[in-house]
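Each reported figure results from applying straightforward, stated rules to the coordinates on display, with no laboratory input. Small disclaimer: the values here were computed from a predicted structure and weren't measured.
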Amino acid sequence: MNIINPENNSINHWVSFKKGNEKSFKYLFNEYYPVLINYGHRFTSSKFIIEESVQDLFVKFWNNRINLCVPADLPFAYVHDLQIHPRDNMIIIATHGRGMFVLDANPVNGKNK
């Protein structure tokens, strides 16, 4: 899964989504929802839990879109693993052959530091 895919114009949709464009939000949802659903099967076989979790993530994205940014320093690489560290509220991303990245999860969760 690419974090942001330049070939399908996701960056432009992300910028537009941040401004409140519902069509861009729908585009991003349709583009990444199936990928995230497939990824969820690594953690549970419960279709209900996976769908609820991914939908909740998109609701958080929408509600906190003003605080989100396009991470300029992340490479275009396939994600191998993604975890949210509950104590430190950090998103940990491991990519295939590219390393690990740690991002602040507070903007996604709508929390201030």
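Summary table below
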quantity	calculated
Extended-chain gain in nm, criterion 0.36 nm per residue less alpha-carbon gap, GLN55 and PHE43	2.7 nm
Cut-off under 5 Å, modelled amide H: who pairs with ASP104 long-range	ILE91
5 angstrom amide H check on ASN64, placed H, neighbours 5+ away	none
